[in-house]
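Each remark here refers to the structure printed beneath this line.
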Amino acid sequence: MGYQTKTRITALVIHGILICGAIIMMIPFIWMVLTAFKTRGQSISVDPFYIFPNGSWQFGNFSQVWNSYNFLTLYFNTLLMILLRVIFACLTATMAGYALGRLNFPFKRLIFALVLIQMMVPSQIFIIPQYLMVSGLGMLNTQFALLFPGMVTAFGTYLLKQGYQTLPKELEEAAEIDGCNIWQRFYKIMMPLARSSMVSLGIFTALFAYKDMMWPMIVCTNSSATTLAAALAKLQGQFTSNYPQLMAGAVMAVIPMLMIYLFFQKQFVEGIATSGGKL
Amino acid sequence: MKRKLTRKQKTEAKWGLIMVTPTLIGLLVLNFYPIVQTIYLSLCKTGDFGIGNVFIGFGNYIDAFKDPEVFQAMINTFKYAIVTVPIGISISLVLAVLLNRKMKGRTFYRTIYFLPMICAPAAVAMVWRWMYNMDFGLINHALGTNTGWITDPSVAWICVAVVGIWSGLGYNMVLLLGGLQDIPKDYYEAATIDGASGFHTFFNITIPMLSPMLFFIIQTGIIGALQLFDLPFMIMDTTSRAFSSVKPITYLFYEQSFIYSNRGYGAAIVVVMLVIIGIITFAIQRLEKKWVFYN
């Protein structure tokens, strides 16, 4: 057997395996979408492979779930929480990361040790006191409650410290000679260069906020104040076995992040590959 | 003894402190004070309706050690971690090795495998719950079986583990692919010239060169698995008979603290969890020094 045929067969086998894997990965998504367009009767019909629902696709499930759960509010809550968390995380972490990565100041090592300790501790340990604080402030079921634990980020501080440390110091020295003070050096020169770390942090923060269920389930029990992820748990409680409606809800919860992912696919995957987040 | 700082060093110190302050205050208020308070709460008995705390020492911990529910939740959580982490990482490693070459459709495969990672776990769990459904589920139809995948306690935990593995494949694969691409090509060239088989190069070059990344993934994977929360209760009903065989420790914590408002007991459970995760992290790092090959 020639070398060429051999490599061609290897390539075929590899593609075969990868395609099988890809199908397994896709089946739940396909099934979710197909079920969402069926009537309840069709969804439990004897032949589940009767894929195209009798006659026409049913859009009723979407409007029913949309109306009974006020998805517009859920989208708004989730989006606002993500935006606020990303802004807070990027702002606080970029400053702290620069300070820890490039400046000398008292208690620097102690503060960095606190950052590392926070990263190692499972986050569940903070939850009861954080809940008590939010409830003490009378802020349960508000946007503030959703933002609260995400106001600062130890992981982000660490990520940006690493990012700033890898930048060449000549740039900063040149700026210093040109008469820039520390803030100008940070704001005008270093911060734009650390952009890729900030993009990674933004993606992590957004994904984490979007996927988190425990915190919104605890502080936003009211269904008009909660997020998509937490609302799905309630939806499941209400529509128990009406799977087409549940799947319609799941589709609506998944779509926004899916669109963002397909647009920024490269940034998502590379951001994670280069910094190895803690999701 | 104080060193005299130059003016330049003083401004630097001033700016450093100003810039780190928001994060420092945040960490102290949102994280370090809560650690102390959680430990204190774990030593208290919470009154009815979650009101009032009375210091009782180690009572909650003694109760937790005697509580069969806590024991069961620990077993469930460990079982989940022991099954999902090695299987998940092995499959991801195979996929990463297959993808680590010039080929058509690489980005396409990567995008697809990564997909579960960007979905709300609640949505993912709901679909699997529907596929596992005994009477009308896709899996029973496809296999021609009539198994109660998520109602039978003996298989339910495996079904949850399958979803866990499925969800994490793409993430591990992307990290491993990054690690594979950092291995210098000349190592493989030299091995080919020496006539090493694919099998040999995999175990003598790929695995040792990849070991730092593998350890990172194993460590974050175990810690992540021990903190599993949402999948089990979204895949099956909390009232289901099988739920007690999959209920993880974080759910028990949530249930005690926020459904039964028994915060003292909940805090004790989470402190025990913290200690266990701490011990495991420490053990893994000791092993890392022994086994990981750093260039």
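The values are calculated or read from the model by the stated rules, or taken from the named source; none is laboratory data. Owing to the predicted nature of the structure, the values given are computational and were not obtained by experimental measurement. Cβ sites come from the backbone with ideal geometry, for glycine too, and all protein chains shown count toward neighbours.
Considering (1) touching a Phe, Trp or Tyr at 6+ places or on another chain (Cβ under 7 Å); (2) buried (at least 22 other Cβ atoms within 10 Å of the Cβ); (3) over 23 Å from B:VAL36 (Cβ atoms); (4) in contact (Cβ under 8 Å) with a residue 40 or more places away in the chain, say which one B:PHE233 fails and leave the rest.
The number of the failed condition is (4).
Taking only the range B:192-229 into account, find how many residues are free of Cβ contacts under 8 Å to residues at least 40 places away in the same chain, of a type in the set (A, V, I, L, M, F, W, C) and surrounded by fewer than 18 Cβ atoms within 10 Å (Cβ to Cβ).
6
Filter the range A:5-41 for residues that are among the polar types (S, T, N, Q) and without any contact (Cβ under 8 Å) to a residue 12 or more places away in the chain and give the result.
Result: A:THR5, A:THR7, A:THR10.
Is at least one residue of the range A:97-104 assigned to a helix (DSSP H, G or I), more than 11 Å from chain B (Cβ to nearest Cβ) and either over 17 Å from A:MET217 (Cα atoms) or small (Gly, Ala, Ser) (or both)?
Within the range A:97-104 (the criterion being assigned to a helix (DSSP H, G or I), more than 11 Å from chain B (Cβ to nearest Cβ) and either over 17 Å from A:MET217 (Cα atoms) or small (Gly, Ala, Ser) (or both)), the answer is no, since none of the residues qualifies.
Taking A:LEU84 as meeting all but one of (1) touching a Leu at 6+ places or on another chain (Cβ under 8 Å); (2) over 19 Å from A:GLY150 (Cα atoms), write down the number of the exception.
(2) is the only condition that A:LEU84 fails.
Check whether at least one residue in the range A:91-109 is assigned by TED's automatic domain parsing to the domain that holds A:THR227 and closer than 30 Å to B:LEU138 by Cβ, and report yes or no.
No - not one qualifying residue is present in the range A:91-109.
Suppose the filter is in contact with a Gly (Cβ under 6 Å, 6 or more places away or on another chain), within 14 Å of chain A (Cβ to nearest Cβ), assigned to a helix (DSSP H, G or I) and at pLDDT 90 or above; does B:GLY164 pass it?
The answer is no for B:GLY164.
Being free of Cβ contacts under 8 Å to residues at least 60 places away in the same chain and either at the interface with chain B (Cβ under 10 Å from one of its Cβ atoms) or of a type outside the set (Lys, Arg) (or both) narrows it down to one of A:LEU228, A:LEU193, so name that one.
It is A:LEU193.
Are any of the residues in the range A:13-31 at pLDDT 85 or above, surrounded by 15 or more Cβ atoms within 10 Å (Cβ to Cβ) and away from chain B (no Cβ under 13 Å)?
no
So how many residues does the range A:183-232 have that are within 30 Å of A:THR166 (Cβ to Cβ) and among the hydrophobic types (A, V, I, L, M, F, W, C)?
16
Count, please, the residues in the range B:46-63 that happen to be free of Cβ contacts under 8 Å to residues at least 40 places away in the same chain and surrounded by 17 or more Cβ atoms within 10 Å (Cβ to Cβ).
1
Tally up the residues in the range A:191-210 that are under 10 Å from A:ALA89 (Cβ atoms), crowded, with 22+ Cβ neighbours inside 10 Å and among the aromatic types (Phe, Trp, Tyr), please.
1
Considering only residues that are without any contact (Cβ under 8 Å) to a residue 40 or more places away in the chain and part of a helix (DSSP H, G or I), which ones fall in the range B:64-77?
B:PHE65, B:LYS66, B:PRO68, B:PHE71, B:ILE75
Considering (1) at pLDDT 95 or above; (2) more than 11 Å from chain B (Cβ to nearest Cβ); (3) out of contact with any Ser or Thr (no Cβ under 9 Å at 6 or more places or on another chain), say which one A:ALA174 fails and leave the rest.
(1)
Listed residues B:VAL94, B:VAL155, B:VAL83; which is assigned to a helix (DSSP H, G or I) and touching a residue at least 60 places away in the same chain (Cβ under 8 Å)?
Going through B:VAL94, B:VAL155, B:VAL83 in turn, just one is assigned to a helix (DSSP H, G or I) and touching a residue at least 60 places away in the same chain (Cβ under 8 Å): B:VAL83.
Would it be correct to say that A:VAL251 is touching a residue at least 24 places away in the same chain (Cβ under 8 Å), under 30 Å from B:GLY16 (Cα atoms) and surrounded by 16 or more Cβ atoms within 10 Å (Cβ to Cβ)?
no
So how many residues does the range A:105-122 have that are assigned to a loop (DSSP other than H, G, I, E, B) and at the interface with another protein chain (Cβ under 7 Å from one of its Cβ atoms)?
Count: 4.
Given the residues A:ILE255, A:ILE203, A:ILE182, which is the only one that is within 13 Å of chain B (Cβ to nearest Cβ) and over 16 Å from the mean Cα position of the chain (by Cα)?
Selected residue: A:ILE182, the only one of A:ILE255, A:ILE203, A:ILE182 that is within 13 Å of chain B (Cβ to nearest Cβ) and over 16 Å from the mean Cα position of the chain (by Cα).
Suppose we filter A:THR240, A:THR221 for residues that are farther than 25 Å from A:GLN124 by Cβ, surrounded by fewer than 18 Cβ atoms within 10 Å (Cβ to Cβ) and within 10 Å of chain B (Cβ to nearest Cβ); which single one remains?
Answer to the selection: A:THR240.
Which residue out of B:LEU43, B:LEU28 is without any contact (Cβ under 8 Å) to a residue 12 or more places away in the chain and either surrounded by fewer than 17 Cβ atoms within 10 Å (Cβ to Cβ) or within 14 Å of chain A (Cβ to nearest Cβ) (or both)?
Sole residue among the options that is without any contact (Cβ under 8 Å) to a residue 12 or more places away in the chain and either surrounded by fewer than 17 Cβ atoms within 10 Å (Cβ to Cβ) or within 14 Å of chain A (Cβ to nearest Cβ) (or both): B:LEU28.
Filter the range B:106-150 down to the residues that are outside any helix (DSSP H, G or I) and facing another protein chain (nearest Cβ under 10 Å), then identify the one that is farthest from B:LEU177 (Cα to Cα).
Among residues in the range B:106-150 that are outside any helix (DSSP H, G or I) and facing another protein chain (nearest Cβ under 10 Å), the one farthest from B:LEU177 (Cα to Cα) is B:ASP135.
Does B:THR11 qualify as being in contact (Cβ under 8 Å) with a residue 60 or more places away in the chain, farther than 27 Å from B:MET117 by Cβ, among the β-branched types (Val, Ile, Thr) and not assigned by TED's automatic domain parsing to the domain that holds B:GLY224?
no
Within the range B:75-84, is even one residue crowded, with 16+ Cβ neighbours inside 10 Å and either under 23 Å from B:TYR40 (Cα atoms) or touching a strand residue (DSSP E or B) at 6+ places or on another chain (Cβ under 9 Å) (or both)?
Checked the range B:75-84: no residue is crowded, with 16+ Cβ neighbours inside 10 Å and either under 23 Å from B:TYR40 (Cα atoms) or touching a strand residue (DSSP E or B) at 6+ places or on another chain (Cβ under 9 Å) (or both).
Out of the helices (runs of 4 or more DSSP H) lying entirely within the range B:183-295, which hold 2 or more residues that are within 22 Å of the chain's Cα centre (by Cα)?
B:207-226, B:230-235, B:249-254, B:263-291
Would it be correct to say that B:MET103 is assigned to a loop (DSSP other than H, G, I, E, B) and within 9 Å of chain A (Cβ to nearest Cβ)?
yes
Can you tell me which residue is nearest to B:GLY148 (Cα to Cα) among those in the range B:118-135 that are surrounded by fewer than 24 Cβ atoms within 10 Å (Cβ to Cβ) and within 20 Å of the chain's Cα centre (by Cα)?
Taking the candidates together, the pick is B:PRO121.
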